[in-house]
Amino acid sequence: MTAKRLLIAGCGDLGERLGARLAPDQWQITGLRRHPQHLPAGIHAMAADLTDPGTLAPLASEQFDAVVFQATPPAREPAAYRRIYVDGLANLLDRVQTNRLLFVSSTAVYGQQHGEWVDEQSPTEPAAFNGRILLEAEQLAHRAGGIAVRFSGIYGPGRERLVEGVRQGRLRCRQQPPEWTNRIHADDCAGVLAHLLALPEPASIYCASDSQPATRCEVMDWLADRLSVERPERDTSHTSAGQGKRVDNRRLRASGYHFDYPDYRSGYGALLI
């Protein structure tokens, strides 16, 4: 059987994790990034800049069985987001032919701030620029027949800012009203993408978050207890602040995906071993 061809556009940490999940006899993987020299064995390196159409010229005659677009902007500001997510995706789609496109998006496309549950059918009315631009890019991906994968907050090896903040005692959290948070381990991000590459008839949108939304205080208290440090100080100065949302992952689980780390305890517990 001939191996399928996969292009990972913006092949960083998650792309490398995805590559490690895919059987080498079933997938021939190309990793596209501006500086690809450190990609692991098993991923063919391609140097290109998604925001520079000229560097994508070698792709003009290429046909891929699947494309995963998971590029990230170099700065958290509107112009950088638009250059990567909208212009970069458009540049790639102008040149590449594929049977399946996965666009890595975010639950930032939801604007709910009162603890509501959200799923793939919930209204998307983001207040912040990042959610608005990601939603625009999702629509571009959908017009090309693509699938939007809305990840919540990603954590894991190399993504331990919350752990270090609790360890160093420099974070606070608000007890009331509760501040809901959602997360997914980086290994599950790769697992979800591998699952959707193989799924016979995927839906057009998936919420990818673990199975236990939790308040920020709950997570931070649990981490503090595991680290044997003082629990974070409570912040009582913003009682009218937003409460966040809770992400429902039932569509993803119903499709057959089983989480490696279904809640924050299992995921952070693995980090703290």
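The values are calculated or read from the model by the stated rules, or taken from the named source; none is laboratory data. Small disclaimer: the values here were computed from a predicted structure and weren't measured. Backbone-built Cβ (ideal geometry, glycine too); neighbour counts: all protein chains shown.
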So His44 ticks every box in (1) in a strand (DSSP E or B); (2) under 15 Å from Val96 (Cα atoms) but one. Which box is left unticked? (2)
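Within the stretch 12-42, take every residue that is among the aliphatic types (A, V, I, L, M) and out of contact with any helix residue (DSSP H, G or I) (no Cβ under 9 Å at 6 or more places or on another chain) and give me the one that is modelled with the highest pLDDT.
The selected residue is Ala23.
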Matching residues, the stretch 1-25, being within 18 Å of the chain's Cα centre (by Cα), among the aliphatic types (A, V, I, L, M) and surrounded by fewer than 18 Cβ atoms within 10 Å (Cβ to Cβ): Ala20
Search result, residues across the stretch 191-204 that are farther than 15 Å from Trp27 by Cα and buried (at least 22 other Cβ atoms within 10 Å of the Cβ): Val192
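What's the total number of residues in the stretch 95-141 that are of a type in the set (Lys, Arg) and closer than 22 Å to Ala48 by Cα?
Adding up the residues that qualify gives 2.
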For the stretch 74-128: of the residues being touching a helix residue (DSSP H, G or I) at 6+ places or on another chain (Cβ under 6 Å), small (Gly, Ala, Ser) and assigned to a strand (DSSP E or B), which is farthest from Pro58 (Cα to Cα)? Ser106
Could you go through the stretch 82-105 and let me know if any residue there is surrounded by fewer than 16 Cβ atoms within 10 Å (Cβ to Cβ) and either touching a Pro at 6+ places or on another chain (Cβ under 7 Å) or closer than 18 Å to Cys189 by Cβ (or both). no
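Residue-by-condition table, conditions (1) among the β-branched types (Val, Ile, Thr); (2) closer than 22 Å to Gly111 by Cβ; (3) modelled with pLDDT of 95 or more; (4) out of contact with any Gly (no Cβ under 9 Å at 6 or more places or on another chain):
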{"residue": "Tyr206", "(1), (2), (3), (4)": "no, yes, yes, yes"}
{"residue": "Ser211", "(1), (2), (3), (4)": "no, no, yes, yes"}
{"residue": "Ala241", "(1), (2), (3), (4)": "no, yes, no, yes"}
{"residue": "Val247", "(1), (2), (3), (4)": "yes, yes, yes, yes"}
{"residue": "Leu252", "(1), (2), (3), (4)": "no, yes, yes, yes"}
{"residue": "Asp263", "(1), (2), (3), (4)": "no, no, yes, yes"}
{"residue": "Ser266", "(1), (2), (3), (4)": "no, no, yes, yes"}
{"residue": "Leu272", "(1), (2), (3), (4)": "no, no, yes, yes"}
